[in-house]
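Below is one structure, written out as structure tokens; comments come after it.
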Amino acid sequence: MIKLTGVIKRFEAEREWVAAVDDLTLAVEAESFFTLLGPSGCGKSTLLRCVAGLETPDSGEIEIGGRIVFSSRSGVNVPPNKRRIGMVFQSYAIWPHMTVFENVAFPLEVQGLTEVRERTAKALAMVELQQLGGRYASRLSGGQQQRVAFARAIVAEPDVLLLDEPLSNLDAALRQQMAVELRKLHERLRITTLYVTHDQAEALALSDQIALISRGRIVEVGSPEELYSRPRILFTAQFLGGANILTGTASRAEGEAGGTTVATAFGTLWSANIASGPVTVFIRPEDIHVLADELGADDREGKNVFACIVLSDRFIGDSRQLELLVAGGSGTVLRCKVRGRLQVKQGATVRVRVDPGDVTVLE
Amino acid sequence: MGPPREARRAPAPPLLAHEVVREVPRSWTASIPGDGLLVSGLGVVVGYLILPPLAVLFYGSATDTPPALTPHFTFETLRRAYGRWTIYPALLNSIAYAAITATLVLIVGGFLAWVVERTDSVVRRMTDLFALAPVLMPAILLISGWILLIGPRSGLVNLMARDYLGVREPILNLYSFAGMVWVGMLQELPLAFLWLWPAFRSMNPELEEAGLASGAGMLTVLRRITLPILRPTILGAWIIFFIYSLGALSVPLLIGLPAKIFLYSTEIYLAYRRVPTDLNLASAYSLLFLAVTSVSIYFYHRATADAARFVTVTGRGYRPRLIRLGRWQILVTGLAIVILLFVAGLPLFVLVWNAFMPYPQAPSWRSLRLVTTGNFAAALNYGPAQRAVINSLGLGLAAGLAAAILGALLGWCRLRLKSYRRTVALVDQLATAPIAMPGMIFGVGLMWLYLVLPVPVYGTHLILVLAYVAIHLPFAVRICGSGLAQLHPELEEAGRVAGATRFTTMRRIVLRLAAPAFAASVLYVALRSFREYAASIFLAAPGTEVFAVLVLDMWEGGNSNILSAYVTMVMLLLGLAVVLSYWVGRRAGIQL
């Protein structure tokens, strides 16, 4: 539905040209919820604005719904008001001198569409703001403004919906609630959605596909599960959730279980992946399990069981974050996430175990 | 809201875009034709307003023939101008006058701004009054008010001293250097207040609170924290007031001339007024003026370039901490009120008193018998009195509108246009250049220009509008610019993305939201143009008389009571006009 080919956008920053978007190629399927995720300043907003027509790339091609809206080669540059998009801005950009109804009706009016009153009412009903139509937009709360912005974006039934960090200005509780509603609305409307955020939890919760962006380039693209559990790049592993990054030398494991053994500074790690030579592996904190003191059945195999000293212990409520120093003098520190109710003493020695399937080798 | 538009379905998207541009837009290439046209149009208009009058001064200085005659290029004029030794004391007088006035204005204005913005003095609520009321008052009013108050012959104070104290000699003589400085300072006080007050307002209170927490007393905090932080603003303000005072004409003419104190601006005026008029000399003198003010502006930019470093606006928008005056309340508030009286109250009182008196009289219960309304009738019948007011009103409005449109367009280009940035910056610089050019320079320059050019502009209303727009353009740019800057760019982008064209977005979103700033600009420029004196005195002609110049005429004719009646009526009219515009603005604002 949206195709970006070789898009480059440069900005002048202190006498130097910096590429905010650096030769980016991307394809977004119709009706999917596609998120551009990355740290601040990585170029994701710039990319979104290029799709919207609010920024003009220096080169490349952008296609929306099979129609070329930008091409540096053939000199095409469709202005934003002709691209048939809906956009929700980070500041919501609700016009304070108009009522809620007038705000939402605006796209229908300026595009010369019919049934303005009915379609506006329908859009407002979809975001559950039917009663507020007559209120002046400047008297709304943040959450309400966001809904108005959303209603305004979808009222003219655009081909694509662009969302520029729409939840970042809301408080934590409201953010969660709105995220759930956003996803539900998407499933109802099935408009191709391009979403920009720096919040990885949001991205994981909302998206069908995520593109991780850093310094104007795509690092990795995949579904939330793929990127979280089986990332290929170190950056991805670290950005999406915590990660314990370890290095070592891999060699094929003996035995029917197959897999790989990785010789690390603190011991041997078993991984279900296949690899050889020097590798980097990562383990998610929630995949490190703290064993009961008595040696149990798990201990029999002895694979991926290590003794550690608890360095610090932070209670988060539903979980507890531990810093564990692996015994043996290697100085390796692991971060581990366990149930909140588990009682651990600082300075105590515990045994931890990792399932070989949770030890992932990165490219 | 409203009935649905006529049934016109959204067209099926074509294979290729509607609008095709030949190249990918870069900063200098012509992308969207509209943008380039707008920027070059603005450049041409602003350039035309400001550059030719300046250029023509050089032309006039290089010749010794009057305008419209075949030019005879020579150095003689320059030699005459700068060879006369009397011009240099005048220059020194001007610099001394300007420097002392600027310093006093800064101290008093700064004090007022501080009282209003940072203390809990009761006078805080009078801010609006203090800032706005003097804008309504022409400089002439202030000067004539003080002349009527402490003029040696007919000043009320002196008359009262003679009547009640038996003193023969005037105890206070306005016609002195001190008198000039006094009135000059009062004249600029409102502007100083307006200039400095936002700086106090936007200071991060935590900076001072940290000082207090460290153990410093209020005065120490003021001295070692507040003032140093405000240094760039204060320095910049001083330079601006220095330039204003250098270019002042009304005080040097009305007070300096009778006192035989000659300032540089007076010399320029006298060169023009002598018979036969010596415009070449006036132009030659103006050059040095320009040089001095340009150098001052250079220092202004140097001083305020640092301001960005010192900017303390928190962005959270909460008011700075107020200093409790406690036992100082009476003194401080009293002082502020006295200043307010001097600037606005007393001159007004004197004026109104004299308007009802047949001849200058000390106020007393006895003189109440003499109350008459004859002056008002006489004022209405005084030559072109009525026409002058109508002219000034119309010209002010026209100039206000024109300047506001230019200011708004320029502000929009500067804030929103992504291409042509360097050109826009240049035009913006040009548009704010008139701050360094006293009105008188425009007066001489425009007069010369339109005597030379074969277009029927000299002696018409148009030449006055051109002068007013040029002189006040910096204000319009600043007011409209900051109004536009308040708007988040996403408000406009949302309009574009929703499907509106640039024009519709401007019309339905930008202009509506920036309307208050726009209206403020129109009003402010109109009022300042109404009072404008230094350029009008060169450019007004029979038929295009303006208020400020007519008042000077009346004064020179010795009709101070008729003058008082006239000014009183005009001030009432202006006051009504301002109230009306506020009322209209509020009505429109309710829908905002």
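The values are calculated or read from the model by the stated rules, or taken from the named source; none is laboratory data. Given the structure is predicted, the values throughout are model-derived calculations rather than measurements. Don't worry about glycine lacking a Cβ; one is built from the backbone with ideal geometry, like all the others, and counts go over all protein chains shown. Keep in mind that these areas ignore ligands, DNA and RNA; they rest on the heavy atoms of the full protein, side chains included. Shrake-Rupley method; radii C 1.70, N 1.55, O 1.52, S 1.80 Å.
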- Task: With a 1.4 Å probe and every protein chain left in place, work out the accessible area per residue of the protein assembly as shown in Å², rounded to a whole number.
- Result: 46 Å²
- Task: Note down the magnitude of the dipole of chain A about its Cα centre, charges +1 on Lys and Arg C-beta and -1 on Asp and Glu C-beta and zero elsewhere, to the nearest 20 debye.
- Result: 680 debye
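Might you report the magnitude of the Cβ-based charge dipole of the protein assembly as shown about its Cα centre, with Lys and Arg at +1 and Asp and Glu at -1, to the nearest 20 debye?
Value, rounded to 20: 2400 debye.
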- Check the straight Cα-Cα distances from A:K303 and name the lysines below 26 Å, setting aside those fewer than 8 residues away within the same chain. A:K337, A:K345
- Normalised Cα Rg of chain B, dividing by 2.2 N^0.38 Å with N its residue count, works out at 1.06
- Ordering B:F262, B:F242, B:F289 by how much accessible area each has at a 1.4 Å probe, largest first, what is the list? B:F262, B:F242, B:F289
- In a GNM of chain A with a 10 Å cut-off on Cα contacts, which of A:G38, A:G66, A:G86 has the highest mean-square fluctuation? A:G66
- Whole-angstrom Cα spans of the stretch B:378-511 along principal axes, big to small: 61, 34, 26
- Note on the structure: In degrees rounded to 10, the 0-90 angle between helix B:439-452 Cα long axis and the longest Cα principal axis of chain B is 70 degrees
- Please give the solvent-accessible surface of B:T504 in Å², to the nearest 10, using a probe radius of 1.4 Å with every protein chain present. 30 Å²
- Between the modelled labels at A:I233 and B:V371 (7 Å from Cα along Cα→Cβ) the distance in nm is 8.8 nm
- Helix-derived [θ] at 222 nm for the protein assembly as shown: sum -39500 (n - 2.57) over DSSP H runs of at least 4, divide by residue count, nearest 500? -15500 deg cm²/dmol
- Query: How long are the three semi-axes of the equivalent ellipsoid of the protein assembly as shown, in whole Å, if each is the root of 5 times an eigenvalue of the C-alpha gyration tensor, listed from largest down?
  - Reply: 70, 34, 28
- Message: Report the Cα centroid-to-centroid distance between the stretch B:68-95 and the stretch B:251-280 in angstrom, as an integer.
- Response: 14 Å
- Note on the structure: Per-residue accessible area, 1.4 Å probe, largest first, puts A:E181, A:E226, A:E16 in the order A:E16, A:E226, A:E181
- Gaussian network model of chain A, Cα springs within a sub-10 Å range: biggest mean-square fluctuation belongs to which of A:V281, A:V148, A:V76? A:V76
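Ignoring ligands, DNA and RNA, how much accessible area is buried between chains A and B, both sides summed, with a 1.4 Å probe, to the nearest 100 Å²?
3900 Å²
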- Solvent accessible area, Å² - A:M178, 1.4 Å probe, full protein context: 10 Å²
- Message: Using a 1.4 Å probe on the protein heavy atoms only, what accessible surface does B:R587 show? Give it in Å² to the nearest 10.
- Response: 140 Å²
- Percent of alpha carbon pairs in the stretch B:153-303 separated by more than 18 Å? 72 percent
- Mean separation of Cα pairs under 8 Å and 6+ residues apart, divided by the residue count of chain A: what relative contact order is that in percent? 15 percent
- Query: Between B:L92 and B:Y48, what FRET efficiency comes out of the Förster formula 1/(1 + (r/R0)^6) with R0 = 30 Å and r the beta carbon distance, rounded to 0.05?
  - Reply: 0.25
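When a/c reaches 1.5 or more, the comparison of a/b and b/c decides; with that in mind, is the stretch B:320-444 rounded, prolate or oblate per its Cα gyration tensor?
oblate
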- Inter-label distance, nm, simple model (7 Å from Cα along the C-beta direction), B:R79/B:W328: 6.1 nm
- Message: In chain B, if the dipole is taken from +1 on Lys/Arg beta carbons and -1 on Asp/Glu beta carbons about the Cα centre, which of B:G411, B:F530, B:S367 is farthest to the positive end?
- Response: B:G411
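Percentage of Cα-Cα pair distances in the stretch B:457-528 greater than 15 Å, rounded to whole percent? The partial results should precede the final answer.
Values: 1571 of 2556 pairs.
Summing the P(r) tail past 15 Å for the stretch B:457-528 gives 61 percent.
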- Computed over chain A, the Cα gyration tensor eigenvalues, each multiplied by 5 and square-rooted, give semi-axes in Å (largest first) of 47, 25, 17
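Working with all protein chains in place, sort A:D199, B:D553 by solvent-accessible area computed with a 1.4 Å probe, largest first.
Largest accessible area first, the list is B:D553, A:D199.
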- Item | Dipole-positive endmost among A:A151, A:V354, A:L163 within chain A (Cβ charges, Cα centre) | A:A151
- Task: For the stretch B:330-381 and the stretch B:406-483, compute the distance between their C-alpha centroids and round to whole Å.
- Result: 38 Å
- Using 1/(1 + (r/R0)^6) with R0 = 30 angstrom and r between the beta carbons of A:Q321 and A:R252, what's the FRET efficiency to the nearest 0.05? 0.30
- Item | Proximal lysines to A:K122, defined as alpha-carbon separation beneath 29 angstrom and excluding residues fewer than eight positions away on the same chain | A:K82, A:K184
- Item | Dipole moment magnitude, nearest 20 debye, the stretch A:1-60 about Cα centre, only Lys, Arg, Asp, Glu C-beta charged | 80 debye
- To the nearest 0.05, what FRET efficiency results for B:R507 and B:L227 with a Förster distance of 45 Å applied to their C-beta separation? 0.45
- Among A:V305, A:G38, A:G328, the residue whose Cα sits farthest towards the positive end of the charge dipole of chain A (+1 at Cβ of Lys and Arg, -1 at Cβ of Asp and Glu, taken about the Cα centre) is A:G38
- Query: Once you average over the residues of A:99-105, how many Cβ atoms of partner chains fall within 10 Å of each Cβ?
  - Reply: 2
- Between 0 and 90°, nearest 10: helix B:547-556 axis offset from chain B longest Cα axis: 10 degrees
- PRE reach from A:A265 (point 7 Å along Cα→Cβ): which of the stretch A:343-363 fall under 17 Å by backbone N? none
